[in-house]
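Down below is the structure, laid out as structure tokens.
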Amino acid sequence: MARALKIIVIGCFCLLWGANGHTQSLMKSMSTNVIGYKFNTVTNVGDESAPIWEKVDELRLAVNIAAGVSLELPLINLSQHSSLGITLEATGGFLVSSGLDGVNLALVYDIPGYITFRHGAKANRKTDKTSGFGFGVGYHVSRGALPYEAPSVMFQVNFASGLLIRVSYDVLPYKYYDHYSSQGLVPALKIKRLGIGFYAPF
């Protein structure tokens, strides 16, 4: 499913890049992502002589500070002030965490893509709005330390100057599994991300 969605998004971009009557913007970005890692582990809540083992969830947080580029491509004018299109983004940055061994300062690459509704500023060439907003649904792929991917949604605020603020969220956690001979695959780690990015034209 993930591969098919990526192929569709890239195909739409290649086929419709030259579409007339729409605003096309290549933007630079700075973003901060807070990533939650929930480990499913067992711990001894008794003592050494009479151990009592219980399953617990341990939450660790990391911050990913990244920079990159984003293609804002409205494709279909819905009205004078609104459009439907795609957003493609590629960023790279570093993870910062004191609670995760082995990933601190690890390099991470993120590639989110969205089908995006835009209204107001920068929605299309016909609008005279000085501000606007947009929201999108898509898929987010992260590679590097503890790679993962997940369905994602985003909301953004646009300004006539070309500046843009975007908040994105991975709606479903990505799961790593451990295999036990008695239980089969058991969830061992869940990963979710919340991000905020600031964008400006080149």
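The values are calculated or read from the model by the stated rules, or taken from the named source; none is laboratory data. On a predicted model such as this, the values are computed, not experimentally measured, just so you know. When we count neighbours, we look across all protein chains shown, and the Cβ atoms used for this are built from the backbone with ideal geometry, even at glycine. Heads up: the accessible areas ignore ligands, DNA and RNA and are worked out on the full protein's heavy atoms, side chains in. Shrake-Rupley method; radii C 1.70, N 1.55, O 1.52, S 1.80 Å.
Of note:
- Residue ID - farthest from the chain's Cα centre (by Cα), chosen from residues in segment 120-177 that are outside any strand (DSSP E or B) and free of Cβ contacts under 8 Å to residues at least 12 places away in the same chain: Asp128
- Restricting segment 18-76 to residues that are of a type in the set (S, T, N, Q) and assigned to a loop (DSSP other than H, G, I, E, B), the residue that is modelled with the highest pLDDT is Ser49.
- Some residue of segment 177-188 being open to solvent by 80 Å² or more (accessible area, probe 1.4 Å) and under 19 Å from Leu26 (Cβ atoms): no
- Residues that are among the polar types (S, T, N, Q) and outside any strand (DSSP E or B), drawn from segment 96-119: Ser97, Ser98, Asn104
- Val108, sole failed condition from (1) aliphatic (A, V, I, L, M); (2) free of Cβ contacts under 8 Å to residues at least 24 places away in the same chain; (3) open to solvent by less than 10 Å² (accessible area, probe 1.4 Å): (2)
- Condition check for Gly162: under 25 Å from Asp57 (Cβ atoms) and modelled with pLDDT under 95: no
- Qualifying positions in segment 95-119 - under 17 Å from Asn33 (Cβ atoms), more than 11 Å from the chain's Cα centre (by Cα) and aliphatic (A, V, I, L, M): Leu95, Val96, Leu100, Val103, Leu105, Ala106, Leu107, Val108
- All told, Asp47 falls short of being touching a strand residue (DSSP E or B) at 6+ places or on another chain (Cβ under 7 Å) and under 30 Å from Tyr177 (Cα atoms).
- Residue match in segment 77-95 (condition: touching a Leu at 6+ places or on another chain (Cβ under 9 Å), part of a strand (DSSP E or B) and farther than 22 Å from Phe198 by Cα): yes
- Among the candidates Leu100, Leu75, Leu84, residue that is touching a Pro at 6+ places or on another chain (Cβ under 8 Å) and open to solvent by 10 Å² or more (accessible area, probe 1.4 Å): Leu84
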